[in-house]
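To start, the structure under review is shown below, and the notes come after it.
The values are calculated or read from the model by the stated rules, or taken from the named source; none is laboratory data. Please read these numbers as outputs of a predicted model, since none were measured by experiment. Heads up, the Cβs are rebuilt from the backbone with ideal geometry, glycines too, and the neighbour counts pull from every protein chain shown.
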Amino acid sequence: MSLEVDIRKSFGAYSLDVAFSAQDETLGFLGASGCGKSLTLRCIAGIEKPDEGRIVVNGQVFFDSEKKINLTPQQRKTALLFQNYMLFPNLTVERNVGAGIGKEVAAAERAALVAAELTRFGLEGLEGRYPAQLSGGQQQRVALARMLAARPGILMLDEPFSALDSHLKGVLEQNLVSLFEAYRGTILYVSHDIDEALRFCDRIAVVEAGRILEIDSGDELVNSPQSEAALKLSGCKNVTPAQPRGPHEVFLPRWGVTLATEQPVPVDVKYLGVRAQYLTRGEEGQRNCFRMRVDRVSDARFERMCLLGFAGALASSSPDSEMEFLHSHVFWRVPKPVGELPGRLPQRGDELWIRIPADQLFLVTR
């Protein structure tokens, strides 16, 4: 099983320009809304037509602008699952599951395929119901069963959990495990959630402004991001422009400070990142230790997030300068120890010595 994509499509001010290949694996597409993730899948499925390029799935040419090849969505036999599942409201569960099976398949074989997928996804007894009579989880299982019953050449899932609360999302994710275990081939998975992508994907493509900036394993993306976009998508709260000041020093203009780094500083460094949980209390005179003021705090169940300003900088902000205010501050994630009194955690207005560890910094050049 294989996939080769090299396509371009222009929308005036915005353009899609992506090139990648995938084998028998789950490849994730991670990026902000509107970056081109879903558009790429729609081009592969035949819903959108690229301006130029080539798409080949398992040796079959789906699209080739030079050779004037553009197969219809029906000819491509792909399976694209949207977040709303797209079930046919006037068809029963059984008929929905069989809807993607080609007419050339004999009735007995069709019935066997449908029955197998109904069993796989625990839908026995629901064959005669309509989508409106099903729960959200049941509807998702029907959509997944329909995908497998059609025996597609490629599976594509477009943010299937984006509209769900965290509890239901955790339950329904197990349905996907069944799907992925049963399917042998290329799976494309669109998400904007790094943790979700890490759970399901063998590799992850970082997408920004219609282009793929990097493709790597989840571990590499988290531990060795190579771009500003990858830093942000990997959950790094503190990402700021950086300028080289020496072999092991960078100047951060938005923060107004110079940091020492364990790793060598690239001459073309563009951004520095440091995760909020790596900041620690320090002492005056320590390396990369700064007097900082707690300007804001917000609490979650198990942690307090503090927004730190460098002492001496203005603490006030107004709505018109909110982004400038945030860019000049540093996020610090403080865990809440069991039994810790709220008063012992950092409070707004506190001034503390905070250390930014030299051995936990990311330096990227794009």
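Observations on the structure shown:
- When residues in region 53-81 are screened for being out of contact with any Pro (no Cβ under 8 Å at 6 or more places or on another chain) and on the phi > 0 side of the Ramachandran plot, 4 of them pass.
- Counted residues, region 1-25 - those being out of contact with any Ser or Thr (no Cβ under 8 Å at 6 or more places or on another chain) and of a type outside the set (A, V, I, L, M): 8
- Scope region 194-231; condition charged (D, E, K, R) and either farther than 16 Å from K37 by Cβ or at pLDDT below 90 (or both); matching residues: D195, E196, R199, D202, D216, D219, E220, E228
- Residue within region 310-323 that is surrounded by 15 or more Cβ atoms within 10 Å (Cβ to Cβ), touching a strand residue (DSSP E or B) at 6+ places or on another chain (Cβ under 8 Å), at pLDDT 95 or above and not in a loop (DSSP other than H, G, I, E, B) present: no
- Some residue of region 9-27 being more than 25 Å from the chain's Cα centre (by Cα) and in the same structural domain as E208 (by TED's automatic domain parsing): yes
- Filtering region 227-259 to residues that are crowded, with 16+ Cβ neighbours inside 10 Å and hydrophobic (A, V, I, L, M, F, W, C) leaves A229, A230, L231, L233, C236, V239, A242, V250, F251, L252, W255, L259.
- For beta carbons closer than 6 Å, sequence separation of 6+ or different chains, a first residue in region 137-160 that is charged (D, E, K, R) and surrounded by 24 or more Cβ atoms within 10 Å (Cβ to Cβ) and a second that is in a helix (DSSP H, G or I) and modelled with pLDDT of 85 or more, the qualifying pairs are R146/N96; R146/V97.
- Here region 265-275 is the region considered, the condition is being among the hydrophobic types (A, V, I, L, M, F, W, C) and not in a strand (DSSP E or B), and the residue that is nearest to L213 (Cα to Cα) is V269.
- Matching residues, region 265-311, being hydroxyl-bearing (S, T, Y) and within 28 Å of the chain's Cα centre (by Cα): Y271, Y278, S298
- Residue check, G122 surrounded by fewer than 16 Cβ atoms within 10 Å (Cβ to Cβ), more than 31 Å from the chain's Cα centre (by Cα) and within 23 Å of L179 (Cα to Cα): no
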